[in-house]
Amino acid sequence: MKIAIVGGGPSGLYTAILVKKRKPSWQVSVIEQNVADSTFGFGVVLADSGLARIQAADADVYEKLIARMTFTGCQTINLKEQPIDINHPSKGGAIARIDLLHVLQDAAAAVGVDVRFGQRISHPDDLAALGLGDADVVIGADGVNSVVRAAYEEAFGTTKSFLTNHFAWFGTRKVFEKSALVFRQYQGGAFVAHYYPYCATGSTFVTECDHATWLKLGMDAMSDDERQQLFEKVFAPELAGEKLISNNSNWRQFPVTRSSNWTAGKHVLIGDAQTSAHFSIGSGTRIAMEDSIALAEALTEDAPAGSAEPTALQRLATFVQRRGPEKDKLLTASRKSYLWYENIGEWMQRYTALEFIHAFMTRTGRVGNDRLAQQYPELFAQFEQAGVFKKAAHPEESGHPA
């Protein structure tokens, strides 16, 4: 087979690596619009479940990632200046995005993937000029602004909308000991910071506020520098004199992009190109790389003895059939999570610190009280002592959307 992958981010590179390792004779090409050392953002999180799948799919890549990752087993949630530590049973970690890309770029080169940096296309038809017009499969791994999806939006059944909260991703030279979520009321506004260390010299620092705060404090009329300075003031206790560092840290409202169909002929979407996963449930990178694993397996697995080899389109259908139900669960959790965050100003005022943490941890429906008791016994005991379970601590119980 001849495979063209549009997008040289983690999911595109990882798909190429896995396919090429399993089928060395195939031509696998990756078209990436940026240069090799270009990256936006700072660190990304890879949960332990995602790492386990990467280990099973490719132990060599897994070992190289682990060697560059920073691990923290505790998260602090701070509401109303009451920080509460939560020891997580999961052992995920974070890695600098540029380190992640370098590991994957090196692995791709080692197995003979044809990676072409600095090649921008505006439509899949442009692949013909690159000698890839006859590809058997074209993979859209080019993120939320996918040109592959844009070319066939009707066939993919794509819908688009935007959330109301405003956010931006920053970094900081302050290396935090643990990850944290800080929910702070400041001058009548509702602010959120999510930060975590990703290397020995820096941390990711995600900033967010609801739309009412954006308007009330006049952030709509501020420059990006003024917005950054405001958040440095709001979260001065955490930054302890350090500044936020911008790297294409644009303020935006989260784009909810979803495609009901994953394929359009020989074109297939993975990661955020297919459906954007909200950052509040963890790393969209991890979800996209799990897409990569499932797609590579479907494309390369041998047919049962005595059976004809499936066509490329049949293999794509197998990928969707296998990966679809599991990913739908994650995306449903993503939807419940971002809708919960849309009402963050109300929850910050309504709840005590422990009520808030209970609502936060159960917001997607994937974690209930039984699981809380099993995985977080110390925290569960605090909930019981505070009488959290006797009150309507969850948005669904008060008639609000979850």
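At-a-glance table
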item	result
Among beta bridges that DSSP assigns inside the chain, antiparallel share in %, nearest 5	70
Cα gyration tensor shape for the stretch 11-54, rounded if a/c is under 1.5, else prolate or oblate	oblate
Square roots of 5 times each gyration tensor eigenvalue, C-alpha, the stretch 194-340, largest first, Å	42, 17, 12
Histogram of C-alpha separations across the chain, 10 Å bin width, %	5, 21, 31, 25, 14, 4, 0, 0
Cα convex hull volume per residue for the stretch 225-305 (Å³)	161
Rg/Rg_globular for the stretch 329-387, with Rg_globular taken as 2.2 N^0.38 Å and Rg from C-alpha atoms	1.17
Over the chain: helical MRE at 222 nm, DSSP H runs n ≥ 4 each giving -39500 (n - 2.57), nearest 500	-12000 deg cm²/dmol
Greater than 26 Å apart at Cα, pairs in Lys80/Lys243; Lys23/Lys160; Lys160/Lys327	Lys23/Lys160
5 angstrom amide H check on Lys174, placed H, neighbours 5+ away	Ser203
Per-bin percent of Cα-Cα distances, the stretch 254-402 [5 Å]	2, 8, 16, 15, 14, 12, 9, 8, 7, 4, 3, 2, 0, 0
D (Stokes-Einstein, µm²/s), Kirkwood Cα radius, the stretch 142-251, 1.567 mPa s at 4 °C	83
For the stretch 276-284, Karplus couplings with θ = phi - 60° (6.51, -1.76, 1.60), whole Hz, Gly/Pro x	6, 9, 5, 5, 6, 9, x, 8, x
Cα centroid separation - the stretch 40-56 against the stretch 262-291, whole Å	14
Compactness relative to 2.2 N^0.38 Å, alpha carbon Rg of the stretch 56-121	1.64
If the convex hull is drawn through the Cα atoms of the stretch 1-154, its volume per residue in Å³	143
The stretch 232-371: relative contact order in percent, alpha carbon pairs under 8 Å with at least 6 residues between	18
Inverse mean reciprocal Cα-Cα distance (Kirkwood Rh) of the stretch 187-253, Å	12.8
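None of the figures in this text is laboratory data; all of them are computed from the coordinates on show. For clarity, every value in this text was computed on a predicted model and none was experimentally measured.
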